[in-house]
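Novice: After the structure tokens below, expect a handful of questions from me.
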Amino acid sequence: MVLYNFKSIQVVPTGKDFVDIVLSTTQSKTPTEVHKHYVITRIRSFYIRKVKFVQQTYHDKLTKILEDFPVMDDLHPFYGDLLNVLYDKDHYKLTLAQINTARRLIDNLAQEHVRFIKFGDSLYRCKQLKRAALGRMCTIIRQQAASLAYLEQVRQHLARLPSIDPSTRTIIITGYPNVGKSSIMNKLTNANVDVQPYAFTTKSLYVGHLDYNYLRWQVIDSPGILDHPLEDRNTIEMQAITALAHLRAAVLFMLDISAQCGYTIKQKVPLTSPTMSKS
């Protein structure tokens, strides 16, 4: 069973909040007083500990972000294409690469400044080196503000995705907009999809479950799709196309013979041919 728990991804802080969290943690978790009459080795150790603590805290938090977010190439093709539809996969990969680069830069910068502090000959010089190290590390994080904000948007969207199992028995309900797909979904399953008397009420995939002859079926209500070229389809339609393309499923194509949905039977029928051939 292939299930992805996107809801477990932790909140990604803004660049400013990230810096504030790390610096306040450093202040509370490390010694805060040093005196000039201390021997120089003790002074060096004091400031080295500060630099290493900040570096390790940034490293751990950035690593957590990188581990939480899914690697596009490791996902099932359905989820991979769905994420590409919702958020361009190249932008997504580039953002994670930028976070990884920031982590590496912080590690290298801290290592370099720790080496400098080891040769510091006074409290003032060691303190200035520590301030430079922390300032440069915080600057790197602030420069990632746009990347962190983007990842938080992705996290919020991923958390709203339904838990679809690509390997289980599946029925996909599809068809033109406003033909009653959501209504039949609510009748067949335990789902509660919003139903309104206008087109494109359903703007994303919804999942419910149906027990029939002691077998459990996964039922997916997809957004309405129109009969036009793939390149002309919008993000809402492409979610339905992605499900039809990658999920092994029985396709229930809905038709409204009354034509009250705003589309004639003649308009709807051509859509069934490519849909049924893909399934």
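Novice: Could you tell me the accessible area of Thr235 in Å² (1.4 Å probe, neighbours in place), rounded to the nearest ten?
Specialist: Accessible area, nearest 10 Å²: 70 Å².
Novice: Suppose a student asked you for the relative contact order of the chain, using Cα pairs under 8 Å spaced at least 6 residues apart; what percent would you report? Write down the numbers at each step before the final one.
Specialist: On the way: 379 pairs, mean separation 59.0, N = 279.
Computed value for the chain: 21 percent relative contact order.
Novice: Okay, moving on. Quick one: go through region 71-96 and flag any residue whose amide nitrogen is under 12 Å from the point 7 Å out along the Cα-to-Cβ line of Arg233.
Specialist: Residues 82, 85 qualify, since their backbone N sits under 12 Å from the label point.
Novice: Setting aside same-chain residues fewer than 8 positions from Lys187, which lysines have a Cα under 21 Å from its Cα?
Specialist: In chain and number order, the partners are Lys203.
Novice: Normalise the Debye intensity by I(0) for the chain, one equal point scatterer per Cα, no solvent, then take log10 at q = 0.11 Å⁻¹ and round to two decimals.
Specialist: Those come out to -0.73, one per q.
Novice: Something else: Taking a temperature of 37 °C and a viscosity of 0.692 mPa s, what whole-number D in µm²/s does Stokes-Einstein yield for region 114-223 with Rh from Kirkwood over alpha carbon pairs?
Specialist: Numbers: Rh = 18.7 Å.
Calculated translational D: 176 µm²/s.
Novice: Of the options Ala245, Leu86, Val179, report the single residue whose Cα projects farthest towards the positive end of the charge dipole of the chain (beta-carbon charges: Lys, Arg +1; Asp, Glu -1).
Specialist: Checking the options against the dipole of the chain, the answer is Leu86.
Novice: I would also like to ask the following. Keeping every protein chain in place, order Lys118, Lys64 by accessible area at 1.4 Å, biggest value first, i.e. largest first.
Specialist: Numbers: Lys118 115, Lys64 80 Å².
So, going from the largest accessible area down, we get Lys118, Lys64.
Novice: Now for a different question. Keeping the other protein chains in place, figure out the carbon and sulfur percent of the accessible area of the chain, with a 1.4 Å probe. Walk me through the numbers on the way to the answer.
Specialist: Numbers: 8000 of 15300 Å².
In the chain, the share of accessible area belonging to carbon and sulfur is 52 percent.
Novice: Oh, and also: Given region 94-162 reduced to its alpha-carbon atoms as identical point scatterers, what log10 I(q)/I(0) does the Debye formula return at q = 0.18, 0.20 Å⁻¹?
Specialist: -0.73, -0.81
Novice: Take the alpha carbon atoms of region 1-73, find their radius of gyration, then divide it by 2.2 N^0.38 Å using N residues; give the quotient. If you can, show how the numbers build up before the last one.
Specialist: Numbers: Rg = 17.8 Å, N = 73, 2.2 N^0.38 = 11.2 Å.
Cα Rg divided by the expected 2.2 N^0.38 Å: 1.59.
Novice: Convex hull over the Cα atoms of region 22-161, averaged projected area in nm²? Let's see the in-between values first.
Specialist: Details: hull surface 36.8 nm².
With the hull built on Cα positions only, its mean projection is 9.2 nm².
Novice: Determine the per residue accessible area of region 1-154 with all protein chains present and a 1.4 angstrom probe, expressed in square angstrom. Write out the running numbers ahead of the final one.
Specialist: Details: 8660 Å² over 154 residues.
Heavy-atom SASA per residue in region 1-154 reads 56 Å².
Novice: For the cross-link pairs Lys50/Lys93; Lys7/Lys93; Lys89/Lys130, which exceed 30 Å when the distance is taken from alpha carbon to alpha carbon? Working shown, then result.
Specialist: Values: Lys50/Lys93 32 Å; Lys7/Lys93 20 Å; Lys89/Lys130 39 Å.
Over 30 Å apart, Cα to Cα: Lys50/Lys93; Lys89/Lys130.
Novice: A further question follows. Using Cα springs under 10 Å in a Gaussian network model of the chain, which residue among Pro31, Pro229, Pro77 shows the largest mean-square fluctuation?
Specialist: Pro229
The values are calculated or read from the model by the stated rules, or taken from the named source; none is laboratory data. Predicted model, so just to flag it, every value in this text is computed and none were measured. Here Cβ is always computed from backbone atoms with ideal geometry, including for glycine, and neighbour counts include all displayed protein chains. These area figures cover heavy atoms from the full protein model, side chains too; ligands, DNA and RNA do not enter into them. Shrake-Rupley method; radii C 1.70, N 1.55, O 1.52, S 1.80 Å.
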